[in-house]
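Have a look at the structure below before the remarks.
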Protein chains: 2
Amino acid sequence: MKALKDRIEADGVAIGTEIVKVDSFLNHQIDVALVDEIGKEFERRFHGQGVTKILTVEASGIAIACMAAKYFGNVPVVFAKKATPNTMTEDFYGAEVKSFTKGITSIVKVSKKYISQEDRILILDDFLAHGEAAIGMAELVKQAGAELVGIGAVIEKRFQGGSHRLKEKGYHVESLAIIDSIKEGKINFL
Amino acid sequence: MKALKDRIEADGVAIGTEIVKVDSFLNHQIDVALVDEIGKEFERRFHGQGVTKILTVEASGIAIACMAAKYFGNVPVVFAKKATPNTMTEDFYGAEVKSFTKGITSIVKVSKKYISQEDRILILDDFLAHGEAAIGMAELVKQAGAELVGIGAVIEKRFQGGSHRLKEKGYHVESLAIIDSIKEGKINFL
């Protein structure tokens, strides 16, 4: 997706060899028009596959999932939670996820009410790095007995192996911008 | 906003006398079409006030802010963070916020890069209860020297006093559904 790559080149900040910071347009400040285009592109990549729900994880994935949902006929968005507020009283599906940027392991949870056997789920998220978040969400879909249509990432860091791990499990993975390496302050696309 | 009140009456769950659970359409599963209508209504309430940015706090506020932003001419959304990932290295504005549902005090933070003196900020969030989150976000706006246009909440629990506290500080507050009391499993609107 050219507009996205251009934006990453213009405003993304390389930190070391592992991190690219895109908080000026994707995960702190959000360029809503760009995220709208991202949503449209995800629909193009997963067109005609009967998606009934979009699953993401708080917090950065929410904007992407909601903007995409309208292109999938306003299907509901479900965002997995990383903590248990006192309003989450009923049964939930849960899976462990290691956060690459935060260096902690958390449990992502989705209420059993919001994914069912009849659902055809599309997982969307901002980054695909080692694949931990996506594997955790795929586990939630499996627990619910739903069908996983595919996994879409806005930015994939190919060198961290997440897409390889997901494809080995047989999942359909689509990344809108694929970073091959981060070296000497430069972001190199595949 | 009638469609919202109808939805709260149909799908909101009263817990005790303090909590109304709307996780089937607003803050776990998201009804994107409804949130789009909510965004449109916020624009009607804050029309012509030159909003340059929408500020919210992760996680539930993000969907609302993004869907509203397009009605405000695709202004950027900035979401305050409750934790400090290792990608947040620069200076930030910070304010303490007590979470009513989670029973904890956290610090909400916004990078200094994303609110400036020239900004006219609209704060949006899902709930207005005791007003803690809104007061924290207003403090961030003040630290930045920006103008606070107003504060919009999807659901206000009037009996918890938040809107009174905010109006005493001189802020323009708009709530799309105002709950007067929660009694014996029933949600009573003002």
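Observations
- Which listed residue is assigned to a strand (DSSP E or B) and either more than 8 Å from every other protein chain (Cβ to nearest Cβ) or over 14 Å from the mean Cα position of the chain (by Cα) (or both), from B:V20, B:V78: B:V20
- Scan of segment B:43-56 for residues that are in a strand (DSSP E or B) and either without any contact (Cβ under 8 Å) to a residue 40 or more places away in the chain or open to solvent by 10 Å² or more (accessible area, probe 1.4 Å) (or both), ordered by number: B:K53
- Extreme residue, nearest to A:N74 (Cα to Cα), among residues of segment A:28-42 that are open to solvent by less than 20 Å² (accessible area, probe 1.4 Å) and not in a strand (DSSP E or B): A:G39
- Apart from one condition, B:P76 fits all of (1) modelled with pLDDT of 95 or more; (2) within 19 Å of B:K157 (Cα to Cα); the exception is (2).
- Some residue of segment B:168-177 being within 15 Å of B:F79 (Cα to Cα) and touching a helix residue (DSSP H, G or I) at 6+ places or on another chain (Cβ under 7 Å): no
- B:I19 meets the conditions (1) within 13 Å of B:A68 (Cβ to Cβ); (2) touching a residue at least 60 places away in the same chain (Cβ under 8 Å); (3) of a type in the set (A, V, I, L, M, F, W, C) in every case but one. The failed one is (1).
- Considered as a group, the residues in segment B:159-190 that are surrounded by fewer than 21 Cβ atoms within 10 Å (Cβ to Cβ) and in contact with a His (Cβ under 8 Å, 6 or more places away or on another chain) include one that is farthest from B:A14 (Cα to Cα), and that residue is B:R165.
- Entry remark, segment B:59-74: residues being assigned to a loop (DSSP other than H, G, I, E, B), more than 7 Å from every other protein chain (Cβ to nearest Cβ) and crowded, with 22+ Cβ neighbours inside 10 Å number 1 in total.
- Here B:K98 clears all of (1) under 27 Å from A:T52 (Cβ atoms); (2) open to solvent by 30 Å² or more (accessible area, probe 1.4 Å) except the condition numbered (1).
- Hits in segment A:2-14 - residues which are touching a residue at least 12 places away in the same chain (Cβ under 8 Å) and outside any loop (DSSP other than H, G, I, E, B): A:A3, A:L4, A:K5, A:R7, A:I8, A:E9, A:D11, A:A14
- Selection over segment B:101-128 of residues that are within 12 Å of chain A (Cβ to nearest Cβ) and part of a loop (DSSP other than H, G, I, E, B) gives a count of 7.
- Evaluation of A:R158 against (1) closer than 21 Å to A:P76 by Cβ; (2) within 15 Å of the chain's Cα centre (by Cα) (one fails), failing number: (1)
The values are calculated or read from the model by the stated rules, or taken from the named source; none is laboratory data. Remember, it's a predicted structure, so these values are computed and weren't measured experimentally. Please note: Cβ atoms are built from the backbone with ideal geometry, for glycine as well, and neighbour counts cover all protein chains shown. Ligands, DNA and RNA are excluded from the accessible area calculation, which covers all protein heavy atoms including side chains. Shrake-Rupley method; radii C 1.70, N 1.55, O 1.52, S 1.80 Å.
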